[in-house]
Structures are given as C-alpha cells and as structure tokens.
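I have placed the structure first, in the form of structure tokens, so that the comments after it can refer back to it.
What follows draws every value from the coordinates through simple rules; no lab data is involved. Computed from a prediction, not measured in an experiment: that's the story for all the values here. We place every Cβ from the backbone using ideal geometry, glycine too, and count neighbours over all the protein chains shown.
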Amino acid sequence: MELPNVEIEGVVIKKLVKHTDERGWLIELYREDEPPTKHYRPAMSYVSKSYAGVRRGPHEHNKQSDFFMFYGPGDFMFYLWDNRPGNPNYQVRYKFVVGESNAVSILVPPNVVHGYEALGVAFSFNSPTDLHGGYHRLDPIDEIKHELNPNSPFKID
C-alpha cells in the first residue's frame, strides 16, 4: 500500500520496514538519526489495543506532538485535519488506512487534529513529546477533545 500524500506542515509519515528472518521479524520504530528528529524528542511511550469499531479522538494538543507507530496486528482508519488558521491546508481532511496492511510511523505536530478507528482488533504505539498530565500527573492534560463536542467540525465517519 502506498503512503498517503499528506500536505500538512510538520506531519511526517514514514513507511516502516519489517526485517524478517527464520526467527521472526523486527521493525525499527524510532531512530535518533532519521526524521522526525528536528522537533521531536519522546517523553513517554505507550501501546494500546483497540477493539473493532473503537474510535480514539478526534483531538489535538496545544504543545504536544504525537509519534504514532502502526504496524499490526490489525488496521486502523487514520484521520488528520490541520487546525492552524493561515496554513495552506487549514481544515483539509486526510483519511487513510494504517497498520498491518500499511505499516507506518506518523508524527502529528501540535494543533493538528487526529483520530483513528479500529477496523478490527488492532494495536497502536505512541511516543509523545510530553508526559500525559505532566510529572506525576499533576498538570492539566494538553488535549482538546473534539469527540466530546457535538458541534465540532472534526468528525470521524
């Protein structure tokens, strides 16, 4: 499957390479010497399992960048919208399949709305630039949850 041509400033999508041999497989998720290193330094990492039809987002962050890796098992429909007024693709929507059938990493910068829906049981990995809730989870969470606003223009369909 080809990578989508997403023209949102700061979004980096990279095909993940699966190295396979008689022992199994290995995918390098992040390397400091490859993009997106200029503005990206992870603060934490997590993996999540989503059941078929489960939606995460759409939401955005004011300061945080997310660095997702989708490599399987399972697939997601992934959504992006640029929510930065003045950018050439302001509020342009992108939608594409990621996961086992299209293994990619996606760097999502601040104020780019993103969300995804599991097309079956699927796994994702994220390594954001900020701690969720700050150190010891004492700070406000940097997240604008559009999924909670029925009047939001950002919808997963």
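Taking 7 Å steps out from each Cα toward its Cβ at Tyr51 and Glu2 produces label points 3.7 nm apart. Computed from phi, the 3J(HN,Hα) profile of segment 109-123 under the Karplus parametrisation 6.51, -1.76, 1.60 (θ = phi - 60°) reads x, x, 6, 10, 6, 8, x, 8, 10, 6, 8, x, 5, 8, 10 Hz, with x in place of Gly and Pro.
Fewest-first ordering of Val47, Val54 by other beta carbons within 10 Å of each residue's beta carbon gives Val47, Val54.
Note on Val92 and Glu34: the extension gain reaches 18.1 nm, defined as 0.36 nm multiplied by sequence separation minus the Cα-Cα distance.
Per-residue packing, averaged as other Cβ atoms within 10 Å, sorts the ranges 103-109, 79-85 into the order 103-109, 79-85, beginning with the highest. For the chain, taking the reciprocal of the average inverse distance between every pair of different Cα atoms yields a Kirkwood hydrodynamic radius of 16.1 Å. Using a simple spin-label model with pseudo-atoms 7 Å out from Cα toward Cβ, Ser152 and Glu9 lie 2.4 nm apart.
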